[in-house]
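The structure under discussion appears below in the form of C-alpha cells.
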Amino acid sequence: MNENVIYEAQDLHKRYGSRVALNGVSFAVTTGKLVGLLGPNGSGKTTLLKISAGLLTANGGCVLIDGQEPGVYTKSITSYLPDRMALPTEMRAADAVDLYADFYTDFDAAKARAMLADLHIEARNRIGAMSKGTQEKMQLCLTMSRSARLYLLDEPLGGVDPAARDYILQTILRNYHEDAALVLSTHLIGDIERALDEVIFLQEGSVLRQVGVDALREETGHSVDEYFREVYKC
Amino acid sequence: MDWNITAGRPVYVQLVEQMELALVNGTFPPGSKIPPVRELAADAGVNPNTMQRALQELENRGLLQAQRTAGRTVTADADALQALRRKRAVSLAAEFLYQMQALGLDRAETEELLRQTAEGGDRDE
C-alpha cells in the first residue's frame, strides 16, 4: 500500500474576529484513502476545507497538499465541492459541463454527461429551476468528473435522496484512483461509514481523534455512527 | 450478490463471512474468476481497501488464488470448499442449539422440532 501523504494540516489556526474556528488542527491523509471528516455543527469542518481549497487563509499553521500550500498548483490537483451551490443559476446543465471543461484540464466531460444522464438530469435543464437536491447532485457530478489527486467534498450528501445517495457512493467508489485521496465532511455517517477507510473527529476546532473505521469498530464494538452519538452527546 | 453490512462489527470481518458464503453456495463457482476488487467494493458499498483486505484474508486461507495477470479465482480444491461449508454449518448448528437451550428445549424436543419443521408442519400450532 502506498503511504505517501497527499494532504496534511500542521497546527492550523483560524479565527473569525474573536471567535476561534480552528485551534491547532493537525492530521495527515495518505493516497488511496477515503476519509470522513466528522464533527458537530461549528466544529470547524467547513473552515478547514475552505482553507484547503484556497478560499480562506489561516491565521497560523499550514495546510499542505502534495507538499505545497494552497495556491495555483494545489488547485490544479484538488477537486473541491463547496457546502453551497456555486454554479451560476442562469446556466443550463450542459453549460456547466462546458464551464468545467474550460476551467479544468483534468475534467472528463464524457464522464460528467454519463453521470448526469444516470441521475436523470437533462442537459437543457436550467440550474436555477432544479430542486436543491438536484443542484447538489449536479455539482457533485462535476466535482467527481475531474481526475484529481485530492477530492474535498463538503457535505456532499446532505440534500440528496437515499436512492441517489447510493448511486453517488458507488460512483465515488468506482471512480477514485489509488493515487488520489478523498476527504468528505458529513453528518450522514451511518450511510457512508462502510465506504470509508478512516475518520477524523473534530471538536471545537481541534482533532479529537483520527482512526480507521474497522479499528474503531473492533475497539468499541460500535459503528462510527453510534460512537459519534456517544462522544458528542448533548 | 446481496451484501448486508451491519453496525458494530468490523466491516472486513463481515465481508469475509459473506464472501465465504458466496464461495460455498456457488455464487462464485470453483475455479471461476471473481470480479475485480473495485467492482465488488462498489457492489457492496464498501471501501476498496477494506474489500482488498477481506480478499487477501481468503487468499491467505487458500480459498482464493491470485492470478498473475487476471485478478483472483476461486480455488478448484473441492475439499477446501467442503471444509469451509462444514465449518460454517457446524457453527450455525452450535448457535441454533445454544438458542434452543436458552428457550428451555431439551435435546429430544429440539430434534423433534427440527424434524417437524423440515417436514413442513408445525403441529403444535
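Rule-based calculations on the coordinates, nothing more; no lab input. Everything numeric in this text was worked out from a predicted model, so none of it was measured. Note: ideal-geometry Cβ built from the backbone for every residue, glycine included; neighbour counts use all protein chains shown.
When segment A:146-178 is limited to residues that are farther than 26 Å from A:ASP102 by Cβ and assigned to a loop (DSSP other than H, G, I, E, B), the one that is nearest to the other protein chains (Cβ to nearest Cβ) turns out to be A:GLU178. The set of residues in segment A:192-234 that are in a loop (DSSP other than H, G, I, E, B), at the interface with chain B (Cβ under 9 Å from one of its Cβ atoms) and touching a residue at least 60 places away in the same chain (Cβ under 8 Å) comprises A:LEU196, A:ASP197.
In segment A:12-46, the residue that is farthest from the chain's Cα centre (by Cα) out of those that are among the polar types (S, T, N, Q) and surrounded by fewer than 19 Cβ atoms within 10 Å (Cβ to Cβ) is A:SER18.
Filter segment B:1-37 down to the residues that are of a type in the set (A, V, I, L, M, F, W, C) and assigned to a loop (DSSP other than H, G, I, E, B) and list them by number. Full working, then the answer.
Of the residues in segment B:1-37, the ones of a type in the set (A, V, I, L, M, F, W, C) are B:1, B:3, B:5, B:7, B:11, B:13, B:15-16, B:19, B:21-24, B:28, B:34, B:37.
Matches in segment B:1-37: B:MET1, B:TRP3, B:ILE5, B:ALA7, B:PHE28, B:ILE34.
Do we find a residue being hydroxyl-bearing (Ser, Thr, Tyr), touching a Pro at 6+ places or on another chain (Cβ under 9 Å) and closer than 30 Å to B:PRO36 by Cα anywhere in segment B:76-96?
no
So which of A:SER147, A:SER131, A:SER223, A:SER185 is within 24 Å of B:ALA41 (Cβ to Cβ), of a type in the set (Ser, Thr, Tyr) and surrounded by fewer than 18 Cβ atoms within 10 Å (Cβ to Cβ)? A:SER147 is the lone residue from the list that is within 24 Å of B:ALA41 (Cβ to Cβ), of a type in the set (Ser, Thr, Tyr) and surrounded by fewer than 18 Cβ atoms within 10 Å (Cβ to Cβ).
Going by the conditions given, is B:LEU63 away from chain A (no Cβ under 14 Å), crowded, with 19+ Cβ neighbours inside 10 Å and at negative phi? Don't jump to the end; show me each part of the working.
Details: away from chain A (no Cβ under 14 Å): yes; crowded, with 19+ Cβ neighbours inside 10 Å: yes; at negative phi: yes.
When the stated conditions are applied, B:LEU63 passes them.
Among the residues making up segment A:30-87, those that are free of Cβ contacts under 8 Å to residues at least 60 places away in the same chain and assigned to a strand (DSSP E or B) are A:GLY60, A:GLY61, A:CYS62, A:VAL63, A:LEU64, A:GLN68.
Please state which one of A:ARG124, A:ARG113 is in contact (Cβ under 8 Å) with a residue 24 or more places away in the chain, more than 23 Å from B:MET51 (Cα to Cα) and surrounded by fewer than 22 Cβ atoms within 10 Å (Cβ to Cβ). Full working, then the answer.
Details: A:ARG113 fails: in contact (Cβ under 8 Å) with a residue 24 or more places away in the chain.
Criteria check complete, one pass: A:ARG124.
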